[in-house]
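As structure tokens, the structure follows; a few thoughts come after it.
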Amino acid sequence: MKTFSELSSRYATALFEITEEMNSTEKVLNDLRSLAKAFDKNPEITPFLMAQGISKETKSKAFREAMQINSVASELKSFLYLLADKGRLGLFGEIVEAFQSLTDGIHGVTRGTVRSAKALDEDEQQRIEEIVSKKTGKKVILSYEVDPSILGGLIAEVGGYRFDDTLKSHLARLKDELKRSAH
């Protein structure tokens, strides 16, 4: 399970508590995800927000102007303005992840990544999600990646667990069994 800085966790927890009171957690989570995607699509934003030579006031003003065109929840806007005023916008990505983690915890969801030798079709993905869900006892949301370094099979990393069903791991287990039986 991923750990977050204490500061990011505090900000995420504060935002989460506010959104729970206002019954807007899902809306804010969707807005956070959209903003995070916008930040990802515009790689010049983060260096600007992290730059030491630019005053907090300048960053805050630029951010406030940019937020005027986005239709995000009012409580999120207030939260983001607070981050801007405190010079903490550089924590945004980690705060989004921490907020997502809090939301997942409340809903009994765990997230993870599956890396495989080839792209998996929908049926294969569904079977993997069912297996991992049974193992973890939680609803799982997985992202899928093709990893050419995997010769065959897959590796699933979910909520602190690692499920290795690769050809390499099978061969290693077979090798160990042969060594034990030879002695």
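The values are calculated or read from the model by the stated rules, or taken from the named source; none is laboratory data. Just so you know, these numbers come straight off a predicted model, no measurement behind them. Ideal geometry is used to build each Cβ from the backbone, glycine not excepted, and the neighbour counts take in all protein chains shown. What goes into the accessible areas is simple: the full protein's heavy atoms, side chains included, and nothing from ligands, DNA or RNA. Shrake-Rupley method; radii C 1.70, N 1.55, O 1.52, S 1.80 Å.
Only one of 99, 79, 48 is on the phi < 0 side of the Ramachandran plot, within 16 Å of the chain's Cα centre (by Cα) and in contact (Cβ under 8 Å) with a residue 12 or more places away in the chain. Can you tell me which?
Working: 79 fails: within 16 Å of the chain's Cα centre (by Cα); 48 fails: within 16 Å of the chain's Cα centre (by Cα).
After ruling out the rest, the residue left standing is 99.
Of all residues in the stretch 107-130, count the ones that are modelled with pLDDT of 90 or more and in a helix (DSSP H, G or I).
Result for the stretch 107-130: 9.
Out of 156, 172, which single residue is assigned to a helix (DSSP H, G or I), modelled with pLDDT of 85 or more and open to solvent by less than 90 Å² (accessible area, probe 1.4 Å)? Working first, answer last.
Numbers: 156 fails: assigned to a helix (DSSP H, G or I).
So the residue among 156, 172 that is assigned to a helix (DSSP H, G or I), modelled with pLDDT of 85 or more and open to solvent by less than 90 Å² (accessible area, probe 1.4 Å) is 172.
Residues in the stretch 136-152: is at least one part of a helix (DSSP H, G or I) and either under 28 Å from residue 103 (Cα atoms) or in contact with a helix residue (DSSP H, G or I) (Cβ under 6 Å, 6 or more places away or on another chain) (or both)?
Scanning the stretch 136-152, I find at least one residue that is part of a helix (DSSP H, G or I) and either under 28 Å from residue 103 (Cα atoms) or in contact with a helix residue (DSSP H, G or I) (Cβ under 6 Å, 6 or more places away or on another chain) (or both), so the answer is yes.
If you check residue 85 against the conditions, is it at pLDDT below 85, open to solvent by 90 Å² or more (accessible area, probe 1.4 Å) and outside any loop (DSSP other than H, G, I, E, B)?
Here the answer is no, as residue 85 does not meet what is asked.
Does the stretch 88-140 hold any residues that are hydrophobic (A, V, I, L, M, F, W, C), surrounded by 14 or more Cβ atoms within 10 Å (Cβ to Cβ) and either in contact with a Gly (Cβ under 9 Å, 6 or more places away or on another chain) or within 18 Å of residue 19 (Cα to Cα) (or both), and which are they?
Answer for the stretch 88-140, where residues must be hydrophobic (A, V, I, L, M, F, W, C), surrounded by 14 or more Cβ atoms within 10 Å (Cβ to Cβ) and either in contact with a Gly (Cβ under 9 Å, 6 or more places away or on another chain) or within 18 Å of residue 19 (Cα to Cα) (or both): 92, 95, 96, 98, 99, 102, 117, 132, 140.
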